[in-house]
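The values are calculated or read from the model by the stated rules, or taken from the named source; none is laboratory data. Given the structure is predicted, the values throughout are model-derived calculations rather than measurements. Heads up, the Cβs are rebuilt from the backbone with ideal geometry, glycines too, and the neighbour counts pull from every protein chain shown. Note: areas computed on protein heavy atoms with side chains; ligands, DNA, RNA excluded. Shrake-Rupley method; radii C 1.70, N 1.55, O 1.52, S 1.80 Å.
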Amino acid sequence: MLDPRHVADRLDEVRAALVRRNPAWAAQLEPVAELVQKRRQAILESETKAAARNAASNAMAKADKSSPEFAARREELKTLSNEVKALEKTLGELEADLEQRLLGIPNTPDPSIPDGEGAEGNQVVRTWGQPREYDFTPKPHWEVGEALGLLDFERAAKLSGPRFTVLFGAAARLERALISFMLDLHTREHGYTEVLPPFLVKDTALMGTGQLPKFADDLFKTYKADPERGYDLYLIPTAEVPVTNLHAQEILEGDKLTLSYAAYTPCFRAEAGSHGRDVRGLIRQHQFQKVELVKFATPEKSDEELERLTRDAEQVLVKLGLHYRTVVLCAGDLGAGSRKTYDLEVWLPSDKVFREISSCSNFGDYQARRAQIRYRAEPKGKPRLVHTLNGSGLAVGRTLVAILEQYQQKDGTVLVPEVLRPYVGAEVLTKRA
């Protein structure tokens with residue numbers, strides 16, 4: 001969430017930044033700025049009336065209870081108390097309205113990212129590897145997996161409907177191997193602390209990271225079976241939600257930052273509005289698995305930490321020997337909460353295209369303000385908002401896709417990347433018996 005004071009004090013600057021995303025967002029600022037001014041006025045009037053009430057109370061305490069002055073002070077105190085209560089009610093309503101409006105406004109883009117209206121405005125930062133040369137026509141991953149008896153979409157549809165998959169045999173082992181490999185890499189070589197969070201969260205956690213209220217249609221909400229619980233639970237769309245909210249409503253010790261977490265979780269997304277896109281295969285599923293990287297950093301170090309997080313995610317692809325590129329997203333293609341994002345895109349030879357396999361983002365203090373995650377630079381210093389960062393390290397299903405496509409062989413089998421062979425217990429994926 002944007003800082004209301006910053007919006008009010010630098011309205012033109014914030015407006016210009018949001019225009020880079022989409023000019024329509026600038027129009028949303030006008031009522032916000034007006035509400036901020038009304039809130040300031042209400043605070044001033046409330047403080048003035050409260051001071052007058054206190055003065056009237058002190059004067060009444062000194063007056064003779066039988067005197068006309070006492071009666072007059074009592075009436076004055078009653079009037080002032082009612083006015084203070086009315087102003088406090090108005091202030092509460094203004095603050096609630098302001099918060100709701102700010103929750104719907106995206107973050108301001110980092111000045112360093114390129115302008116652009118969509119994916120065509122993104123810029124390639126670097127590329128690793130080269131497309132493999134095939135002496136046959138490479139098949140899409142779903143054909144490779146189905147021919148080997150490793151991917152079963154029909155049985156998954158029988159169980160759960162479309163956009164689910166059953167993995168058999170070596171594919172199931174390979175998915176498990178990828179999770180273990182990623183966690184081992186990030187914890188042993190990159191210094192992350194492994195976390196296994198709950199897969200169901202409250203709406204407050206989703207508000208903290210920005211999925212609510214904007215992306216409610218993409219979430220799976222569970223039935224409130226226990227009326228005494230008093231709240232609903234949601235299946236997580238990404239480990240970003242529970243891991244970032246580990247420190248909601250907390251004040252961290254500045255000398256402990258940066259905190260770096262790696263978490264494996266299944267993820268659940270309704271994929272609202274994506275009908276007709278990637279309907280075949282594993283690219284866009286309702287249920288998938290990820291290893292997520294989450295960081296809590298000081299404002300001074302967050303840009304540096306974004307570069308480090310992105311490189312950590314890239315190392316998974318390098319060690320797997322998968323051809324990929326890194327792009328920086330333009331202002332018009334940013335996610336709502338991000339100020340700067342790098343996408344890692346892996347090469348899929350069947351379509352001869354790069355497809356996103358990870359997004360690594362710096363949210364600045366946007367999420368921290370919503371979730372109230374702060375730190376003290378010094379033991380008795382004033383608390384400041386941290387900066388939060390996250391990125392997939394990597395999306396496991398899409399990594400499996402890339403392996404099936406880039407490592408497929410003419411006879412239909414699939415080579416296992418060397419670094420995964422100790423985990424999988426095989427060098428080649430062959431047809432399931």
Hull volume in cubic angstrom per residue (convex hull over the Cα atoms of region 147-220): 151 Å³
Sum of side-chain charges, E304 neighbourhood, beta-carbon under 14 Å (Lys, Arg +1; Asp, Glu -1): -1
Just need the relative contact order of the chain here, percent rounded to a whole number, with Cα pairs under 8 Å and 6+ apart. 20 percent
So which lysines pass the test for K380, namely a Cα distance under 26 Å, with those fewer than 8 places away in the same chain ruled out? K256, K295, K301
How about region 83-131: which GluC sites (Glu not before Pro) there are in a DSSP loop, with at most 15 other Cβ atoms within 10 Å of their Cβ? E117
In region 376-433, which trypsin sites (Lys or Arg not before Pro) are in a loop and have at most 16 other Cβ atoms within 10 Å, using DSSP for the loop call? K380, K410, K431, R432
Expressed per residue, the solvent accessible area of the chain in Å² (1.4 Å probe) is about 50 Å²
Sequence neighbours fewer than 8 away in the same chain don't count; with that in mind, list the lysines whose C-alpha is under 30 Å from K352. K139, K290, K319, K340, K410, K431
Can you list which of the GluC sites (Glu not before Pro) found in region 125-201 are DSSP loop residues with at most 11 other C-beta atoms within 10 Å? E133
Which is the longest part of the chain that has none of the chymotrypsin sites (Phe, Trp or Tyr not before Pro) sitting in a DSSP loop with at most 13 other Cβ atoms within 10 Å? 232-433
Please say if region 219-346 is rounded, prolate or oblate, where rounded means a/c under 1.5 for a ≥ b ≥ c the square roots of the C-alpha gyration tensor eigenvalues, and otherwise the choice is prolate for a/b larger than b/c and oblate otherwise? oblate
Given the C-alpha centroids of region 320-351 and region 296-317, what is the distance between them in whole angstrom? 15 Å
With a 1.4 Å probe and all protein chains left in place, how much of the accessible area of region 113-263 comes from carbon and sulfur atoms, in whole percent? 50 percent
Using only the alpha-carbon atoms, how far is helix 29-62 inclined from the longest principal axis of the chain? Give it as 0 to 90 degrees, nearest 10. 40 degrees
Scan around S358 for amide H atoms under 5 Å from its own, H built in the peptide plane at 1.01 Å from N, and keep only partners 5 or more places away or cross-chain. L344
Would you mind counting up the charge near E117? Only other residues with Cβ under 15 Å from its Cβ, with Lys and Arg at +1 and Asp and Glu at -1. -1
Given that just one value was derived from the coordinates, which of (1) 1.11; (2) 0.99; (3) 0.97 is Rg/Rh (Cα atoms, Kirkwood Rh)? (1)
Calculated FRET value between S57 and Q37, using beta carbons and R₀ = 30 Å, to 0.05: 0.50
Carbon and sulfur atoms account, in whole percent of the 1.4 Å probe accessible area of region 274-433, for 44 percent
Here the relative contact order (percent) of region 7-145, from C-alpha pairs under 8 Å and at least 6 apart, is 28 percent
Classify region 50-189 from the C-alpha gyration tensor, please: rounded if a/c falls under 1.5, else prolate or oblate depending on whether a/b exceeds b/c. prolate
Can you tell me the relative contact order of region 111-208? Whole percent, Cα pairs under 8 Å, sequence separation 6 or more. 12 percent
